[in-house]
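S.K.: One structure coming up, written as structure tokens, with questions to follow.
The values are calculated or read from the model by the stated rules, or taken from the named source; none is laboratory data. This structure is a prediction, so every number in the text was calculated from the model and none was measured. Cβ coordinates were reconstructed from backbone atoms using ideal geometry, including for glycine residues, and neighbour counts include every protein chain displayed.
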Amino acid sequence: MAEKTIYLDRNENNYGPAPACYEVLKAAGFETLSWYSKDFARGVKSTLSERIAKEFGVPESIILLGYGAEDLLKQAVHCFLSRNETIMIPTHSWWYYKSIADEKGGITVEYPMVPGPDSFHYEVKSLLDLAAKHRPRLILISSPNNPTGNTLDLKDLKVLVRTIKNTVIVLDEAYWGFTGHQADYVKELIGEYPELLIIRTFSKYYALAGVRIGYAFLGKNLTTLAQFSARYLGYNRLSERLALAALDSRDYYAEISQKMIRDKERYYQTLGAIPGFKAYRSNANFILAEIPERFKASLKDYLTKQGLIIKFFNEPNLENCVRITIGTEEQNLMLTNAFRDFARDKGLI
Ligand SMILES: Cc1ncc(COP(=O)(O)O)c(C=O)c1O
């Protein structure tokens with residue numbers, strides 16, 4: 001058995017947070033631990049919500065803070081979806097979407113996420129047709145999507161928000177950042193579409209999953225969610241300080257994401273060279289790969305013995321798929337070597 005288990009199945013960021021975050025922990029004293037985070041005197045939620053608003057050029061009042069994107073997604077669905085109302089989600093998506101819809105007795109309708117030769121893509125026309133047919137209360141879009149790794153093009157997103165009316169569009173951007181902080185569209189889209197909710201997190205790009213902090217931008221017709229979500233006494237002062245330190249550490253995170261982009265190429269090449277294996281291009285810190293059904297159990301066993309844990313799916317649409325979290329350079333090298341050795345053992349290459 002391997003000495004140490006390497007978890008590449010949970011889409012965490014194995015490089016860890018910026019050094020400035022550890023400094024925050026060392027410096028945490030009385031105020032950080034004993035005072036509520038709400039900035040009573042100035043009437044804003046906190047220094048963090050204010051900072052996020054400034055970064056994206058939007059009013060602080062449209063920023064929601066929550067205990068990760070998970071928390072904000074659940075709040076949105078619990079706030080807007082009633083029993084027997086419809087929510088649309090992608091065919092291939094994070095299992096959690098359906099589970100929160102089920103909690104509210106909602107009806108889930110899936111819209112297609114289509115595999116192409118290199119990557120998955122959204123099919124805007126089918127999505128619009130299904131929306132016209134089912135008149136959903138909510139549409140959940142994930143970009144980059146877990147587990148397929150593809151993003152929705154900005155031009156397609158604009159088509160969606162301009163065409164769909166009277167529907168809450170929730171854009172889950174938990175994996176935002178891994179392909180760059182491209183010119184920001186938040187201000188424009190939120191300004192234009194009053195029922196759009198964009199959810200992001202510090203868990204993935206900023207490697208702060210353990211302290212559970214996420215945020216959202218709220219379209220102007222969604223004030224019921226602002227009330228539903230309001231925490232009079234604030235959130236978590238320590239997590240907020242950590243998030244601020246992360247935002248101040250641009251270079252650290254940019255370097256990590258460059259390494260991940262290089263390592264994703266290594267995975268595409270390694271897996272693409274094994275007959276029957278196929279890795280889909282991804283804009284996130286993970287990739288989805290197809291493996292031959294007959295090797296599923298033996299591959300799992302082979303990797304586990306080396307302490308390498310990746311995600312093997314059993315759910316519909318994904319039976320022959322694995323999801324690999326992009327780890328550190330060293331971890332990625334170990335895993336790509338393990339795939340190659342496995343393929344050699346089986347006489348595939
Ligand atoms: C698509 C997607 N959204 C949201 C989350 C949850 O993120 P957070 O850690 O901010 O709750 C995950 C977690 O893996 C995810 O895959």
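S.K.: Name the strands (runs of 3 or more DSSP E) wholly inside the stretch 243-349 in which the number of residues that are without any contact (Cβ under 8 Å) to a residue 12 or more places away in the chain, of a type in the set (Gly, Ala, Ser) and farther than 30 Å from Pro19 by Cβ is 1 or more.
M.R.: Details: elements: 286-290, 308-312, 321-325.
Per the criteria, no element qualifies.
S.K.: Let me ask something else. Looking at (1) at pLDDT 95 or above; (2) surrounded by fewer than 20 Cβ atoms within 10 Å (Cβ to Cβ); (3) assigned to a helix (DSSP H, G or I); (4) away from the ligand (no atom under 16 Å from the Cβ), which is the one condition that is false for Asn221?
M.R.: If we test Asn221 against (1) at pLDDT 95 or above; (2) surrounded by fewer than 20 Cβ atoms within 10 Å (Cβ to Cβ); (3) assigned to a helix (DSSP H, G or I); (4) away from the ligand (no atom under 16 Å from the Cβ), just (3) comes out false.
S.K.: Kindly indicate which of Arg281, Arg250, Arg266 is under 21 Å from the mean Cα position of the chain (by Cα) and over 22 Å from Phe202 (Cα atoms).
M.R.: From the options Arg281, Arg250, Arg266, the qualifying one is Arg281.
S.K.: Also, I was wondering about something else. When the stretch 1-30 is examined, which residues are found to be outside any loop (DSSP other than H, G, I, E, B) and either touching a residue at least 12 places away in the same chain (Cβ under 8 Å) or touching a strand residue (DSSP E or B) at 6+ places or on another chain (Cβ under 8 Å) (or both)?
M.R.: Scanning the stretch 1-30 gives Ile6, Tyr7, Leu8, Pro19, Ala20, Cys21, Glu23, Val24, Leu25.
S.K.: May I pose another question? For the condition at pLDDT below 95, touching a helix residue (DSSP H, G or I) at 6+ places or on another chain (Cβ under 7 Å) and at negative phi, what is the one hit in Ser249, Ser229, Ser239?
M.R.: Ser229
S.K.: Also: Just one of the numbered conditions (1) of a type in the set (A, V, I, L, M, F, W, C); (2) buried (at least 19 other Cβ atoms within 10 Å of the Cβ); (3) in a helix (DSSP H, G or I) is not true of Leu128; which one?
M.R.: The failed condition is (2).
S.K.: Give the residues of the stretch 192-206 that are in contact with a Gly (Cβ under 7 Å, 6 or more places away or on another chain) and either in a strand (DSSP E or B) or within 11 Å of the ligand (Cβ to nearest atom) (or both), sorted by residue number.
M.R.: Scanning the stretch 192-206 gives Leu196, Leu197, Ile199, Arg200, Thr201, Phe202, Ser203, Tyr205.
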